[in-house]
Structure formats: structure tokens, C-alpha cells
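Novice: Provided herewith is a single structure, encoded as C-alpha cells, for subsequent inquiry.
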Amino acid sequence: MRMRVALTLVALLLAALSAGALSVGAQAPPIRIGFASAMSGPAAITGEGVRWGATLAVEEINAKGGIMGRKLEASFADNKATPGEAVSAVRKLADVDQVDVIIGQTHSGACLGAMPVVKELGVPMVIEACSHPKIRELSGKGGNEWTFRVALDDEIMAYTFARYMARQGVKSSSVLAMNNDFGRGAAGAYEAAFKKAGVTLVSTEFFDPGQPDYRPVLTRLKRANPETILGVILASDGAPFMRQFRELGLTQKVFSRGSLASAEFLHQVRDNPKIGDGVVEAGYWVVGLDPDWDKKWTERYKVPPRIHGSLAAITLKWAVVPAIEIALKKHGKADRQTIRAALKEVDVKDSPLGPIKFDDHHQAWINMILIEMRDGQLRILERLQTSPALLN
Amino acid sequence: MLQGLTLGSMYAMVAAGLALMLGVARLINFAHGEFFMLGAYAFWLGYSELGLPYPVAALLAPAVMVVFGVAYQRTVIRAILPRSWHVQLIATLATSIVLTNLAIIVLGTQPKEVPTALSSRILDVGGFRVAWQRLLVLVSSLIIFWGLHRFVARTRTGRAMRAMSQNREACAVVGVDVQRVTMVTFALSSALAALAAALVSPLFNIFPDMGTALTLKAFAAVVAGGFGYVNGAIAASFLIGLTEALAGSYVSYAYKDAIAFLIMIAVLLWRPQGLFGRRIGI
Amino acid sequence: MRRAATLVLAAAVVAAPWLVAAVVPRQQRYVLHVLIFTALFAALALSYDLVVGHVGSLSLAHPAFFGVGAYAAAILATRAHWPFLAGLLAAALAAALVAALVGVPLFRLTEHAFAVGTLGLALVAGIVANNWVEVTRGPLCITGIPKPVLGLPGGPMVAITTLPGYYWLALAALAAVALLYRRLTTFRLGRAFHAVRDNEPLAGAAGIDPLRYRMLAFTIGAGLAGGVGALYVHYLSVMCPEEMTVALTVNLLVIVFLGGVGTLRGVLVGAILFTALPEFLRLAPTWRLVIYGALLLLVVVRSPEGIDSLLRRATGARPAR
């Protein structure tokens, strides 16, 4: 009796799996794109953005007839922002959903966990947001030939930003960073970059994202008295932070890296937009780079465009789609190998982020932009080109 | 520091509710932080979405949560109360998971902000600056605690609650309506959490996960204060809030969360029955 | 008949890589990956059940021990280049040591305080892992943890690099843990554990020192958890603080209590149900957590002995205590 129950369960399990594996042989099968991000857990907001952005972008492309007649199909997986789950997410996308290329993982820990697996499985992965400098080191020649990155990492941004700050005459700064992979990585990068640029690093503080109370750290900053503050902080934490910053009457100039100067922030402080005045942020994406996209997003999702969805969409449209086109033209098919080879040949001059061309380490040197927030408005102060020469 | 007191008030209001439930109903409610979270969202609904004036919205939140708290008591709690506390812990933990994730699905992960007039207005006294809202939190919490004390000491229900926390079986014998008193306790706990949320939300953000950390710190306070002893929990909460603020400012901002738990562990080790003794009482 | 059934099941489990390759060739790697996770979690759950199910101490500190073992193995492998087996042993010992150290003060507390105290420990451990960047690299994670190589220095070496290889390694670990679990929970030692769990004063009166037995279960459980941690990091090649959060405790509670607390089969069933099944069903992740919670709530209220006892009743077998 128990035997029968056990066998039935196993049979059901395998049946469920097989059902997923069956694919109907169509005329021209769709090209499958996998998107992995944090769909649950504390960082679920990023995964939601990625899902929205990807859905919108794929619909846009399919509405135009697909790529050379081939439609796109998006699959999603949850990496819960941890490396362990990222491995599961990649395997699910590769083996169960049979994707041809993956766009993800948004979070550095997840990226690092996923990288060995995409190599093992032979699936190209184009990283849209992970900012850990090690990823560049590990990708491309001499390393992982299957991972590519569109986003800039914190080392690149730190050196560029520190040089800009020094040019503005800044003599000293304190760093306030989120206590996660993003914040820690950035803080480390700025430490080195400030040194190189001749800016004194007065102190470094870390805070846990999502916690509401900045007064203790603001008190510490007040005591340390740097000339400026560099915040590695997202909009959702940035809003209470800036309110309490003003509450305590601090006057330092705030530079930021994250999403402090953003539409989200302005939405959160809409009762008093002047709270954000004067903040200068270094990033590579802001609302307004692609007004068409912004409009579509706002119409569909009723909130201002978000960085994580928009990056995934731009990566799809200006890195992956060109690669698929090259693959289809050259080989008549867009599968994992051909897409990977094609990615190496992508040379887009005018994406919303800037030029997309992967170097030896499969890194695209997109533009860094400086955004200033004033009177409830965001404006692009400067567009800085990046290149490997910066790091020397 | 005023900062620590504000934090302490918030922890205290939540911890008091938790201690009440523990003392009167012998229940460990891991979902209590979620009551706070839901109260905050109720407040947001009233204030931001419906445009109600601040005091009305601030009272709407506890009203909503009282209904919720009673519903929770009649369904889940009634089922687990006679069971072992293992079952209670896991059941309330499960409830916490369900509530948090439902909130993510229904309300979205984007944090909500509810700035009020008082949260932007700054009081500047000789270089010492503080938002009016913080003072409101502090003053309100003191009024609430005083009110709670009067309720427990003076009213029949209050005294019944105290009696129940000391000897539940005897109460049933003597004719105390145990069910009703339990219900009132729950209503009170929920209201306390919601009021705390309504007071504190203008200063901070509202997001689905906010209850989790709070539950744990409130527990730390309840345990350190002596299980079920409400005044002890309140005192311990202020201690934790102050230490957190001070440690965050002077020692290390990153480790300040650990401080609360280290205090709790330290207290437990030094006096295993809590700071104020094993007084199962209000 | 029962004997034959068990043997067939055991054979199927060992031959799983081939079976899976035959039945679902395109998804075999994914399925094997899930099976590896399941085996590791089952071992972890068994180590947890020793403390919760057999000695009756509701410890919430298990993620801390898992984390200590995981980080110890990760650091020894990447910085000190220790061989795999040595690192595994060191990881288990480190975790057991920590448990022994904190167990002494913790067990002086009453039941409720103990639970909350262990919870505090888990949280502090997580915070330390996240902030002690010099050692653990905090949120930047320890990367590049090498694949396990089994063997003694000077002798033949076997490197585990394929998924089936990992699967058998994990399975072997699970078998070892299960055997140890069986040994510890039956005969005199098991009876002593259960005496402490069921009626502590009586046990004390009968000459069984509750503290000693609780500490024993606690320390062994922690050591095993540390060992599983080591296996885990060698599989993933990356270790981040996110892997040792309270979410892990929730997972373990679900597996143990829904599966069948205090029974070997129950915990195994729980591990399979709650690690493998959700992956295969592929529900929307946030809904998955809601369903988990709701299930947990329902089952723990209606049938605290878990699904295992429900199954037993359904199939008419004798209780296996």
C-alpha cells in the first residue's frame, strides 16, 4: 500500500517534469530569453521592476514582428538576491525553460553564484546591473567566456566620480553606504579612488537598508565634519535619510551613487521636493534617456520608470537583440553558441546608455552620467565617457 | 538622547502589546510585528489615499487593527491556545509569513511615505533640532502608557486581565469571562501596535518587511523585562532604544541592531527571569 | 514486502542520476541540482530534529551553526588551501565548539527564554557575518571555493566535479547523518533523550542529567549542521551572509514540523516535500511563501505530528516511534 503511494507520487513528479519538457515543434520556434532577479524576499522590488521592464520590452519587439521574423519569449526566475538561489534560477531557466540567453542577476552575490553555472551549462548571460568589480576580472579572456556585462561596476564609477569631485575642488568626504554587496563594494572602490584623486576620506559608515533611523549616523557624520558626503544609497532609504539630514541641519554637499537623485525619490518627497536640492548623483541611467520608453512605462504601470526594469529592457534591446540579429544573419540560427559569439561582435553606438561594445573582459564601457536634483527636477549635469584608461 | 527615546517609545508600544498577550493569554505571538505593519498601511490608506486629516487617520489605524486583532484571535488563536507553545510559536510564525507576503503581493514592495505637517516642521532650540513629530511620538506614548495603567488598575476588565495573568484557572472558577477578557487583550494589543505605527510612520518608511525586525526587538524587550510583565517590557524597550541610538552614534552604526539582541542575551544570562523578576503580571 | 519495497526505493535513490537522465533528459541537470539541495537540506533537517524533536529544545540558532561551518570551510579552502576533508572536519568541529560554548549559558534559561535566546544568537551571528568584512568579506561574499577532492594526502584523489558526483557525495553525507541519527535516537541514548524531552523532572529523578543530554544533542546537531554547511559552500563555490538568515530556520521548521517531528522518515518526507516539490511546481515565488505559511499554519494546528503521521494513518501502518 505504502509502496503504491510512493510510486504514484514519484510518477506524478516525473510526469509534471516531462510535461514541462515537451515542446511543440513550431515553424520558427521563438527565441527564448531568461530574466533572473530577486522576485521574492526583501529585494523583491528589483525583481518586480525587471519583470515589468522585460515584459514591456518583449511586447514592444514582438509587436514590430520580432527579430527578423522570430518572436521573443520571456521566462522569469527568482534568485532571491542570494547566490544559492541564483544557481537554481539559472538552472531552471537553462534546463526547464530552455532559454537561449539570460539577462540578470541584478545583485552581485547572485551574479557571482550564477557565473560558474552559466559556464558549465553553456548559456550566455548578459549582466544588466551587478556592480561588483570582480565580475569584470572574471569574465572574458582567460576567464568565463559566457558572461557579459552592460552596467558599469563600482571601480569604474568610483574613479570617474572621484576625479570629477576633485576637479570641483572637493578636499574631503565621508562615505555612507548600504550594508550589502552593492554598498560594500562601492565603499571599497571609493576608498581607493579618493586616494588616487587626492580627496581625503574622513570616515566610512554602513547602514542596513530598510531601517528607518539615520540620526545616530548623521550625528556621527556631523562630528566627523567632512566637507562632503558620498552616499551609496537607494531612493527608498534616501528619502528618510535626506529628511533627517535636513532635520539635523547638516550642510555638507551630498554626492550619491545609487538612486538617490531619481524619480522615485522625488515621488517620496513630493510634499517638500526641496529636501533633495543640490544632490549630485553618479549613475548610468536616469529617467529621460529614452522618453518613448518612459512614456510607455508610465502608461502601463502607473509609476515613474524604475531603474531595474529599464536596464533589463535596454540590455535586451541594445545588446541582446543586435547579437541575435548578427547570429541569425551569419548562421541562420540564434542558439546559445551563436548568440555568445555574436555578443562579442555587438557594436552599438547610440543606445540610451551610450556605446555598447564588449571589450576583452566582456565589459561594455557605457557613459556615466552626473545628475543634479534641484527644485523637484532632475537634470543631467554632465555625460562622462568611460574607458579602461580611467583605471590607470 | 531624544532619538533613543523616540525609538524606545515605538519599541515600547509594540512590546507592551506583546507582553500583554504573553501575560494574559500565555501566548507567544510572532505575528505581532505584522500588526504594526498592517496598522501602518491602514494609516497610509487613511491619510494618503483617502486624504483624511492626520488625527482621524491616526485613529482609523487602531480601529482597523482592533477588528483584525479580534478576528485573528477568534480564528487562529482560539485554535492554538490550548496547544503546546511549540505549536503556538510555529503557527504565529506561519501567520507572520503569510501576512508579510500577502502584503507584498497586494500592496507592492515599493515603500510608502506618509509625511505629515509635523514631520517636516523642525523645532530649533539653540542648535538642537528635532522634528515636531518625534516629540509627538514621545508625548503620545507617555499618555498611552498612563492610560493603559489606569485601564488595568481601575476598570473591571483591566483587573480581570491582571487576575488572569496571575492565575488563569482560578479566574475561570471565579466567574471571569475568560474568552471576553482574552478578546479585549487582543484588541488592546493590536490597537497599541497600530497607534505606534500611525505615530511613527511619518518619520520613516512603510514597507511590507518592516514588521519582522520589530517583532524580534519587541521580543527582546519582553524577555529582558520579565516575561509578561508589561511595565518591565516598557522599561526594557526604552533601554534598548536608548542603547541603540547611543551605540549607533558613538560605537558603530552597522552593529547597532546586534546591540538589542546582545542586551537581551546579556540580561537573560545575568538574570534568567528577566530584569524585573518572573512576575507574570501586569 | 516492506523489506523489498525499502530496497527498491534505496536502489532507485542511488540510481537516480541514470533514472533522471532516462526520464527527463533535457532537464536532468536541473533535477539533479534540486535533488542535491534536497539531500543537503534533509541532512540539515535531521541535525535540527535531534535538538528539537528528540531532546525537545526549541532552538532557533541552527542557521548560526550552519553559517559557522560554511564560513570555516570557505575560509580554510580559499585562504589556507586546506584539503576538502580536513576543511569539512574543521567546519563541523568549529560549529560544535560554538554550540558547546553558547549552550552552557543558554541551557540555564527556561524554555521560552531559551528559544528567544537562540533566536538572538542566530541574528547576532548573521549580523557579524555581514559586518566582519576582514574575515567573511561581508556582503561581498567569499568566492572561488574549489570543488571537493576526496582522498588522503599521498593516496589516490577523486575530484567531484560533475552533478552526479555531487549527488552521490550529498547522498553519502545524508546516509551518514541518518545513520548517526538512528544510533543516537534509539536504544539507551535515545531513551534518555526522550526522557528529558517528555518529563524532565522525572528524568532528573531517575538519574539522567537533563543538561548533559541536551548539551550532547545540541552540540552534535550543531556539528552536523556545520558539516552540511561545508558541503553546501563547496557545491555553490560562493558563500554570502544571506545564506544564514532566519529564513533558514523557517525552512527547517517547516520541514521538521510538517514532515514529522522526531521521526527519521517524517523529516525525510518533509525535506523532499518542501525542497523538491516547490521547485518542480514552480509557483510564483511570493505566492509560494504565502502557501507555505498557510500550509504550515493549517498542518500545525490540525495535525502537529506532521504529514508523516497523516500518511501513516492513511496507509494504515503502525506508528514508527
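Novice: Checking the condition open to solvent by less than 10 Å² (accessible area, probe 1.4 Å), closer than 30 Å to A:Trp365 by Cβ and not aromatic (Phe, Trp, Tyr), which residue from A:Gly288, A:Gly283 passes?
Specialist: Matching residue, one of A:Gly288, A:Gly283: A:Gly283.
Novice: Ok, one more. Between a first residue in segment A:33-51 that is closer than 17 Å to A:Glu73 by Cα and charged (D, E, K, R) and a second residue that is part of a helix (DSSP H, G or I) and open to solvent by less than 20 Å² (accessible area, probe 1.4 Å), which pairs have beta carbons less than 9 Å apart while being 6 or more apart in sequence or on different chains?
Specialist: Every condition considered, the pairs that remain are A:Arg51/A:Gly309; A:Arg51/A:Ala312.
Novice: Now for a different question. With segment A:208-326 as the region, which helices (runs of 4 or more DSSP H) entirely inside it contain at least 3 residues that are of a type in the set (Asp, Glu)?
Specialist: A:291-301
Novice: Of the residues that make up segment A:160-182, is at least one away from chain C (no Cβ under 12 Å), within 19 Å of the chain's Cα centre (by Cα) and not aromatic (Phe, Trp, Tyr)?
Specialist: Checked against the condition, which is being away from chain C (no Cβ under 12 Å), within 19 Å of the chain's Cα centre (by Cα) and not aromatic (Phe, Trp, Tyr), segment A:160-182 yields at least one hit.
Novice: Considering segment B:11-52 alone, what residues qualify as being part of a helix (DSSP H, G or I), farther than 19 Å from B:Ser165 by Cα and at pLDDT below 80?
Specialist: Correct list: B:Ser48, B:Glu49.
Novice: Another question, then. What's the number of the condition A:Pro116 fails, among (1) within 15 Å of the chain's Cα centre (by Cα); (2) under 27 Å from C:Leu32 (Cα atoms)?
Specialist: Every listed condition holds for A:Pro116 apart from (1).
Novice: Also, quick follow-up: Taking the options A:Arg220, A:Arg184, A:Arg149, A:Arg215, name whichever one is charged (D, E, K, R), buried (at least 18 other Cβ atoms within 10 Å of the Cβ) and at pLDDT 90 or above.
Specialist: A:Arg149
Novice: Which one of B:Ala58, B:Ala15, B:Ala19, B:Ala40 is of a type in the set (A, V, I, L, M), within 24 Å of B:Lys217 (Cα to Cα) and open to solvent by 10 Å² or more (accessible area, probe 1.4 Å)?
Specialist: Answer to the check: B:Ala58.
Here's the yes/no breakdown for (1) touching a residue at least 12 places away in the same chain (Cβ under 8 Å); (2) farther than 21 Å from A:Ala327 by Cα:
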position	(1), (2)
A:Asn62	no, no
A:Met68	yes, no
A:Ser108	yes, yes
A:Ala129	yes, yes
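Novice: Right, something else. Kindly indicate whether any position in segment B:138-147 is touching a Ser or Thr at 6+ places or on another chain (Cβ under 7 Å), among the hydroxyl-bearing types (Ser, Thr, Tyr) and at pLDDT 70 or above.
Specialist: The initial filter retains those residues of segment B:138-147 that are touching a Ser or Thr at 6+ places or on another chain (Cβ under 7 Å), namely B:138, B:141.
From the residues that got through so far, the ones that are among the hydroxyl-bearing types (Ser, Thr, Tyr) too are B:141.
From what is left, the residues that are at pLDDT 70 or above are B:141.
Yes, that holds for at least one residue.
Novice: I need a count of the residues in segment A:107-130 that are over 17 Å from C:Val238 (Cα atoms), buried (at least 24 other Cβ atoms within 10 Å of the Cβ) and of a type outside the set (Asp, Glu).
Specialist: Residues meeting the conditions: 6.
Novice: Assuming A:Thr200 fulfils every condition listed in (1) at the interface with chain C (Cβ under 10 Å from one of its Cβ atoms); (2) more than 27 Å from A:Gly354 (Cα to Cα) apart from one, which condition is it?
Specialist: Condition not satisfied by A:Thr200: (1).
The values are calculated or read from the model by the stated rules, or taken from the named source; none is laboratory data. All figures in this text were calculated on a predicted structure; none of them were measured in a lab. When we count neighbours, we look across all protein chains shown, and the Cβ atoms used for this are built from the backbone with ideal geometry, even at glycine. Keep in mind that these areas ignore ligands, DNA and RNA; they rest on the heavy atoms of the full protein, side chains included. Shrake-Rupley method; radii C 1.70, N 1.55, O 1.52, S 1.80 Å.
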